[in-house]
1. Residues to consider are 294, 264; find the one that is assigned to a helix (DSSP H, G or I) and either at pLDDT below 80 or touching a helix residue (DSSP H, G or I) at 6+ places or on another chain (Cβ under 9 Å) (or both).
2. Pairs only if they're at least six apart or on different chains, beta carbon under 8 angstrom, first in the stretch 244-260 and more than 16 Å from residue 195 (Cα to Cα) and assigned by TED's automatic domain parsing to the domain that holds residue 196, second surrounded by 13 or more Cβ atoms within 10 Å (Cβ to Cβ) and at pLDDT 75 or above; list them, first residue then second.
3. Would you confirm whether or not the stretch 347-366 contains a residue that is outside any helix (DSSP H, G or I), modelled with pLDDT of 80 or more and on the phi > 0 side of the Ramachandran plot?
4. Would you list the helices (runs of 4 or more DSSP H) that sit entirely within the stretch 22-129 and hold 1 or more residues that are buried (at least 19 other Cβ atoms within 10 Å of the Cβ), modelled with pLDDT under 75 and assigned by TED's automatic domain parsing to the domain that holds residue 301?
5. Which residues, taken from the stretch 297-343, are at pLDDT below 80, closer than 22 Å to residue 377 by Cα and outside any loop (DSSP other than H, G, I, E, B)?
6. Checking residue 373 against (1) surrounded by fewer than 17 Cβ atoms within 10 Å (Cβ to Cβ); (2) assigned to a helix (DSSP H, G or I), only one condition comes out false. Which one?
7. Select, from 222, 164, the only residue that is out of contact with any strand residue (DSSP E or B) (no Cβ under 7 Å at 6 or more places or on another chain), at pLDDT 75 or above and within 18 Å of residue 379 (Cβ to Cβ).
């Protein structure tokens, strides 16, 4: 194998890819969309948490509990007249919640008996959850205060009813809390690696066969491994470019996000940036190799696009796993492709120390798998069924 041939194929595929608007769109536009969406989401969350306006709360049967209603008004609850159809008002979002006070509230209250009030809510509406939580906390505080007063009137210390007081001490730093908020960033970075070179991989395999140019290309006195290496490196170049752009735009976007208002802190220096690049860039080699293998099996450009579109969902699976499973101390994740990279990136966001094994093991594994994919593609190019589409 002559590396000069690899270089020629690499230049040819890059030139064709840069001429294709679809390749440029996938490599350059996605890195801008993902981080921007994250920042918009953070700003929306911060705005929701920063709202100090009174919570509008229609109350049915307010005349039965004047003390409770006055307490609500004194604690930033805007008590309103109930709508004609309380259930419909809650379901449509016209009211975040409706409080229902029964007619026997006064009798049971004076008899020091428990009274059941209903708070009608619709937990499927995200925009009303914060208001519902505020209203519920005020109601619980009122109930706790009345309970304590009743015990005092009977000469009983209210602390007897609370034998154990639990005080939660959060030892997580602001940057460690950021990992829980920023856990979508690794998924966007991985998807960028799979999207950036998708059209180059498709065009250089299934596209060339569909155009009838693959057979003359293989007839040249160039080894199939050299041809595939050139295509692989061209695909990986665009994938890596898209990945790097996503990292850069994510860093810029997060610097503009109101993270402090959410109680988290994310600070990254040159050392952290170098670690992230060292761990993440090899993913582009694995993504390019997998895309070449999958696209080689496709009989047409459109079919290859379909297969590779499904393949772009692969980076989402480790992200979902990291969200629902506690894998912080699971070292075996380092040997799982993509999952290992995402785990290291989350450790960087948390501000944890990164050891040599965390840097080298995930990178070496994806590099080896990428080369295995190159060898498999070269072998497929030697099959008549693949070359002639039989």
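1. Values: 264 fails: assigned to a helix (DSSP H, G or I).
The conditions single out 294.
2. 250/188; 250/189
3. No: the stretch 347-366 contains no residue that is outside any helix (DSSP H, G or I), modelled with pLDDT of 80 or more and on the phi > 0 side of the Ramachandran plot.
4. By residue number, 30-50.
5. none
6. Failing condition for residue 373: (1).
7. 222
The values are calculated or read from the model by the stated rules, or taken from the named source; none is laboratory data. Model, not experiment: these values are computed from the prediction. Positions of Cβ are backbone-derived with ideal geometry, glycine not excepted, and every protein chain shown enters the neighbour counts.
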